[in-house]
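Student: I have a structure here, written as structure tokens, and I will follow up with some questions on it.
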Amino acid sequence: MLKQYDPQTARQTILKRTPPDEFSVSQRVQDGITKLFGTPLTPDEAVSRILKEVRLHGDSALQKWTLTLDGADLQPAPVSKVSMQSALNFISHAQRDALKQAAARIEAFHRRQPLSSWFTNELGGTLGQIIRPVQRVGLYVPGGTAPLPSSVLMSAIPARVAGVNEIVVVTPPNRTLAKSDVPVDPIILAACVLAGVDEVYLLGGAQAIGALAYGTETIRPVDKIFGPGNLFVTLAKRQVYGVVGIDGLAGPTETVVIADEAANPTWVAADLLAQAEHDLLASAILLTPSQALIEKVQVEVARQMEQRGRSEIIAASLENRGGAVLTSDIEEAVELANDYAPEHLGLSVRDPWSWVEKVKNAGGVFVGEHSFEVLGDYLAGPSHVMPTGGSARFASPLNIWDFVKIVSLVALDGSTAQTIGPIAATIAEAECLDAHANAALQRSGRST
């Protein structure tokens, strides 16, 4: 059932942000950590131990933790090019065509994003910014309860468009395919081929992040790590930051739908259920000034949920983190959404374009009922890797700028150096850095 809230109660419950460090860990997870390490540890401490083992022992640590955590006795090695190419023949024609069409749309979108170096001669000599791609990146693709080829496309294609030289994917081995020569769903490998991935390793969890960050005898380290994962993957990314770059710390996925009385309740309910089926912590929230719409959506949610294969997950998600909020008007709904800063924001209202300008914080805005979020998940164009946990207040969806860096260019002429050198010296002296001041004045024929 989709529970109803007033705005004030919603702010204290389903719209209240919980810092990542305050997410509770189930007793089952805590007991599992104790059993693995022989002593009670926090998840952060457990991740730290795994990372240390990978850093010190390389491949042997990867093999140990892959067997322990994923039940697969695999020596670290890249999936062969033959296996990757043959995966295209193991998926259906419909799946292959769908992946190709999605890849084409994602690439076309990202090729339209401006990305260029620039230079100016208006400040004395030449100044500018040189755009250089990150040389080698690692993409974590979750395994979980289902393969996620869309995550491959949505991360690897922007990297390739940005000019990244080497794209590496790590993904957990699939337990149900443990007896296969390559225990991973072929649709993952097929997506890697279509997206131009260079290397694939069957690794998951904190050990995979450690391998990407530190490198092993088999796996060369990367420069930046991308991709969502479970709590242990997220903690591992946070711990290796500084050794490598990371894209961010992904939290549970979330969707907010702003709707008015004209919205189609069947569609609104379907969109909420699509979000809620991700996992128990997913958030699916409706904001509307229409009591009639809430009641219709509640009926539709109950009806449609009975037909869904992941109904238990949906029910738990809606019970704990979802709901419908009755607002005074659409303006208040937009205000609540801006404060919440959702990953996905749907505008299922009359004249949705009139409200786009008022949206300040969202990973993606889905304008109108025909621009539903599921299309964004797979092939609308922008990457579906978007900021979660309220980070849309300061962060952006994954895009080609995440895969490049800026190198500042300074090529001043002698006249300019002589003119501005004394100015630099004045500031340096104020900072008590007389060697700086001396270097600045040398070009002006003076010294300190």
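Student: Of Val349, Gly323, Pro422, which is farthest towards the positive pole of the chain's charge dipole, taken about the Cα centre with +1 and -1 on the beta-carbons of Lys, Arg and Asp, Glu respectively?
Tutor: Of the candidates, Pro422 comes out farthest on the positive side.
Student: Now for a different question. Among Ser151, Ser83, Ser116, determine the one that fluctuates most according to a GNM of the chain built with springs between C-alpha atoms less than 10 Å apart.
Tutor: Judging by the Gaussian network model, the answer is Ser116.
Student: Between His110, His344, His436, which gets the highest mean-square fluctuation from a Gaussian network model of the chain, Cα cutoff 10 Å?
Tutor: His436
Student: Then there is this: With a sphere of radius 10 Å drawn around the Cβ of Ile167, what net charge do the other residues whose Cβ falls strictly inside it have (Lys, Arg +1; Asp, Glu -1)?
Tutor: Charge balance near Ile167 sits at -1.
Student: Continuing with the same structure: Please give me the summed charge of the neighbours of Leu148: other residues whose Cβ is under 14 Å from its Cβ, Lys and Arg +1, Asp and Glu -1.
Tutor: Neighbour charge sum, excluding Leu148 itself: -4.
Student: Follow-up question, since we're still on this one. Out of Thr171, Gly138, Leu212, whose Cα points farthest toward the positive end of the dipole of the stretch 127-262 (charges: +1 Lys, Arg; -1 Asp, Glu; placed on Cβ)?
Tutor: Leu212
Student: Where the only charges are on Cβ atoms (+1 Lys, Arg; -1 Asp, Glu), what is the dipole of the chain about its Cα centre, to the nearest 20 debye? Display every interim value, and only then the final one.
Tutor: Values: 37 positive and 48 negative charges, 225 e Å.
I would put it at about 1080 debye.
Student: Rounded, prolate or oblate: which fits the chain, taking a ≥ b ≥ c as square roots of the Cα gyration tensor eigenvalues, rounded meaning a/c under 1.5, else prolate when a/b beats b/c?
Tutor: Oblate is the answer for the chain, as a/c is 1.5 or above yet b/c matches or exceeds a/b.
Student: Still on this model: How long, wide and thick is the stretch 308-400, going by the Cα atoms along their three principal axes, in whole angstroms, largest first?
Tutor: 40, 37, 27
Student: Another one. Starting from the Cα of Leu280, step 7 Å along the direction of its Cβ; do the same at Gln442; then give the gap between the two resulting points in nm.
Tutor: Distance between label points: 6.5 nm.
Student: Let me ask something else. Provide, in order from the shortest bin, the percent of all Cα-Cα pairs of the stretch 236-353 in each 5 Å bin, continuing until the bin that contains the maximum pair distance.
Tutor: For the stretch 236-353, the binned pair fractions read 2, 12, 21, 21, 17, 11, 7, 5, 4, 2, 0 percent.
Student: Amide H of Gly245 versus every other amide H placed in the peptide plane: which residues, excluding those fewer than 5 positions away on the same chain, fall under 5 Å?
Tutor: For Gly245, the qualifying residues are Lys224, Ile225.
Student: Once both axes come from the Cα atoms, what is the angle between helix 265-276 and the longest principal axis of the chain, in degrees from 0 to 90, rounded to 10?
Tutor: 60 degrees
Student: Which value in deg cm²/dmol, rounded to the nearest 500, describes the helix-derived mean residue ellipticity at 222 nm for the chain, given -39,500 (n - 2.57) per DSSP H run of n ≥ 4 and division by the residue count?
Tutor: -13500 deg cm²/dmol
Student: Can you tell me the dipole magnitude for the stretch 252-384 around its Cα centre, using point charges on the Cβ only (Lys, Arg +1; Asp, Glu -1), in Debye to the nearest 20?
Tutor: Working: 8 positive and 22 negative charges, 44 e Å.
My answer is approximately 220 debye.
Student: Around Thr126, which amide H atoms from residues at least 5 apart in sequence, or from another chain, sit under 5 Å from its own amide H, with H modelled in the peptide plane?
Tutor: The list, which skips near neighbours in sequence, is Ala411, Leu412, Asp413.
Student: Rounded to whole Hz and in sequence order, give me ³J(HN,Hα) for the stretch 343-359 from the Karplus expression 6.51 cos²θ - 1.76 cosθ + 1.60, θ = phi - 60°, writing x for Gly and Pro.
Tutor: 4, 10, 10, x, 10, 9, 9, 4, 6, x, 4, 5, 9, 4, 5, 7, 7
Student: For Lys64, go through the lysines and keep the ones whose alpha-carbon is under 28 Å away, minus same-chain ones fewer than eight residues off.
Tutor: Here the lysines satisfying the reach criterion relative to Lys64 are Lys35, Lys52, Lys81, Lys179, Lys224, Lys237.
Readers should treat all values here as calculations from the given coordinates under stated rules, not as data from a laboratory. Since the model is a prediction, treat every value here as computed from it, not as a measurement. FYI the Cβ positions are ideal-geometry reconstructions off the backbone, even for glycines, and counts take in every protein chain you see.
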